[in-house]
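**Student:** Please find one structure pasted underneath; my questions will follow.
The values are calculated or read from the model by the stated rules, or taken from the named source; none is laboratory data. The shown structure was predicted, so the numbers you read here are calculated from the model rather than taken from an experiment. Positions of Cβ are backbone-derived with ideal geometry, glycine not excepted, and every protein chain shown enters the neighbour counts.
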Amino acid sequence: MKNQVQLITYVDRLSGGGFRELHRLLQNELAGLFGGVHLLPFYTPIDGADAGFDPIDHTEVDARLGTWPDVKSLGSTVDLVADLIVNHISSSSPQFLDFSRRGTGSEYADMFLTFDRVFPQGARESDLLGIYRPRPSLPFTPVTLQSGERKLLWTTFNPEQVDIDVRHPLAEAYLESILRRFQASGIKMIRLDAVGYAIKKPGTNCFMIPETFEYIAGLTSKARSLGIEVLVEVHSHYRKQIEIARQVDRVYDFALPPLVLHALYRRDARPLARWLSISPRNAVSVLDTHDGIGVIDVGADTDGNPGLLTPEEIDLLVETIHRRSRGQSRRATGAAASNLDLYQVNCTFLDALGGRETDYLIARALQFFAPGIPQVYYVGLLGGSNDMELLARSGVGRDINRHYYTAAEIDAALRRPMVQKQMELIRLRNTHPAFAGQFRVMTPEDHLIELQWELREHRIALRVDLSGPSAVINGTGPAAEGIFM
């Protein structure tokens, strides 16, 4: 993947159409801005129970968006990232429908995880309560199959997303068929979605256990053999992220967003600087995503090992997001909006900063100067605000940050000075040679942070004074000189 800023977007929610419309947008209004595009799920269907993350057919492009040749055409101009949804498949998939119809007589019966397949000898209360889960209830759904058999399905996320036994031969063949389709269609990198939950083992918490690491290594090897890089998506303790980073091509820096918010809220650069001094250099960095703003990534682990922020600092962070967003994020988070993830706050990043555009641009500059390949979410690119109307219609918390843009809205957003300034920062990050060099972070005082890059005679540095806040970018070359904000 190019060491340039990537766009992460739903095809239809930014383009107002499908792949051809998105391609046109990238070649015109957004020309030259992005070295890559992470296409959020575009498989059949894009409007299921989890906005495409519950595919009926992972090898088929939703016809409303286009075709695989359309995907390949887009990939001829930018590097493409796509999601390999590892942990589960839709309850409306052909495989599950066959299992439902024929029960244990189906060839797919053992492809799906049930309670008794994981716990053939039964489970104690402590076994069940020890399962790591992203929702308050246990990860099981009782169903009566069309065959009349009663089953307790393992459903980590929701009842329509049925977990599969990823080591079963049919599941392996299913996932490998997706990889081959991706290779043929020009996908350069895959994100292993929900892979942390993929291996279930009695006596463990069933999340990122040693067997999960082994599985990730094996799947990574298969992808690399096809010329596809691997990005692992795991929300976990920061030391686990560092451990994962040693085994794969890329990991997400999910600790960055809450630490940037903490720095801007508290005018204290120390936790952010400490993290950037040890964070994986093979990261994909984000501020905003299609999910919420994570807090588990900076918290303590289940064994009590301290996080990057204290519990009190995390509580204050969450409450400040709610206050800055005028309570909108509270209405979109947790049980208030059928939100699965207990460890995320749903809010646009701009609204998490109370709409303060200077703070937002400084946050984006910190992301671009942090180690890794930056991804910019489409709502963040356009300086979007919380979509309370969409939230009210769907009742899904994450929809607060998943706006459907019209062409007129895009045009208006691109004329905003803040958006234009952000685009200038993107171009600087894409073109300055120092970003391919060595990174240093310094905190001369608690309220000051300086991020520096150097490659031979090329230098560039971002100095942020959080007491203002204000920021200055200096370095070699005319594009890197002078006051930024």
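**Student:** For region 53-71, name all the residues that are touching a residue at least 60 places away in the same chain (Cβ under 8 Å) and among the aliphatic types (A, V, I, L, M).
**Tutor:** Answer for region 53-71, where residues must be touching a residue at least 60 places away in the same chain (Cβ under 8 Å) and among the aliphatic types (A, V, I, L, M): just VAL71.
**Student:** LYS200 - would you say it is of a type in the set (Lys, Arg) and either in a loop (DSSP other than H, G, I, E, B) or under 20 Å from PHE53 (Cβ atoms) (or both)?
**Tutor:** For LYS200, the condition - of a type in the set (Lys, Arg) and either in a loop (DSSP other than H, G, I, E, B) or under 20 Å from PHE53 (Cβ atoms) (or both) - is met.
**Student:** Among the residues that make up region 103-116, is at least one of them within 22 Å of LEU219 (Cα to Cα), surrounded by fewer than 16 Cβ atoms within 10 Å (Cβ to Cβ) and not acidic (Asp, Glu)?
**Tutor:** So far as region 103-116 goes, no, none of its residues is within 22 Å of LEU219 (Cα to Cα), surrounded by fewer than 16 Cβ atoms within 10 Å (Cβ to Cβ) and not acidic (Asp, Glu).
**Student:** Next up: Here's a check for you: in region 120-142, which residue that is hydrophobic (A, V, I, L, M, F, W, C) and surrounded by fewer than 16 Cβ atoms within 10 Å (Cβ to Cβ) is nearest to ASP62 (Cα to Cα)?
**Tutor:** Per the stated criteria, the residue is LEU138.
**Student:** Sort out which residues of region 92-140 are touching a Leu at 6+ places or on another chain (Cβ under 8 Å) and assigned to a loop (DSSP other than H, G, I, E, B), and write them in order of number.
**Tutor:** Correct list: GLU107, TYR108, LEU113, ILE131, PRO134, ARG135, PRO136, LEU138.
**Student:** Give the residues of region 147-170 that are touching a helix residue (DSSP H, G or I) at 6+ places or on another chain (Cβ under 8 Å), in a loop (DSSP other than H, G, I, E, B) and closer than 21 Å to PRO55 by Cβ, sorted by residue number.
**Tutor:** THR156, ASP165, VAL166, ARG167, HIS168, listed by residue number.
**Student:** In region 1-26, what count of residues is obtained for those that are of a type in the set (Gly, Ala, Ser) and crowded, with 18+ Cβ neighbours inside 10 Å?
**Tutor:** Qualifying residue count, region 1-26: 2.
**Student:** Which one of these does LEU231 not meet: (1) crowded, with 23+ Cβ neighbours inside 10 Å; (2) over 22 Å from PRO374 (Cα atoms); (3) of a type outside the set (D, E, K, R)?
**Tutor:** (2)
**Student:** For the structure I just gave you, tell me whether ASP50 is touching a Phe, Trp or Tyr at 6+ places or on another chain (Cβ under 8 Å) and among the charged types (D, E, K, R).
**Tutor:** Yes.
**Student:** Next question. Return only the number of the condition from (1) within 21 Å of the chain's Cα centre (by Cα); (2) on the phi < 0 side of the Ramachandran plot; (3) of a type outside the set (Val, Ile, Thr); (4) at pLDDT below 95 that ALA51 does not satisfy.
**Tutor:** (2)
**Student:** On to the next question. Which condition from (1) surrounded by 17 or more Cβ atoms within 10 Å (Cβ to Cβ); (2) touching a helix residue (DSSP H, G or I) at 6+ places or on another chain (Cβ under 8 Å); (3) on the phi < 0 side of the Ramachandran plot is the one that CYS206 breaks?
**Tutor:** All conditions are met except number (3).
**Student:** Just the residues that are under 28 Å from SER92 (Cα atoms) and of a type in the set (Val, Ile, Thr), please, taken from region 7-53.
**Tutor:** Selection gives ILE8, THR9, VAL11, THR44, ILE46.
**Student:** Let me ask something else about it. Could you please give the count of residues in region 459-477 that are modelled with pLDDT under 95 and either assigned to a strand (DSSP E or B) or buried (at least 19 other Cβ atoms within 10 Å of the Cβ) (or both)?
**Tutor:** Residues that pass the stated criteria total 2.
**Student:** Give SER106, SER137 a once-over and let me know the one that is over 26 Å from VAL232 (Cα atoms) and not assigned by TED's automatic domain parsing to the domain that holds VAL37.
**Tutor:** Testing whether each residue is over 26 Å from VAL232 (Cα atoms) and not assigned by TED's automatic domain parsing to the domain that holds VAL37 leaves just SER106.
**Student:** Right, something else. Given the conditions (1) surrounded by 16 or more Cβ atoms within 10 Å (Cβ to Cβ); (2) out of contact with any Lys or Arg (no Cβ under 7 Å at 6 or more places or on another chain); (3) in contact (Cβ under 8 Å) with a residue 24 or more places away in the chain, which single one is not true for ALA184?
**Tutor:** (1)
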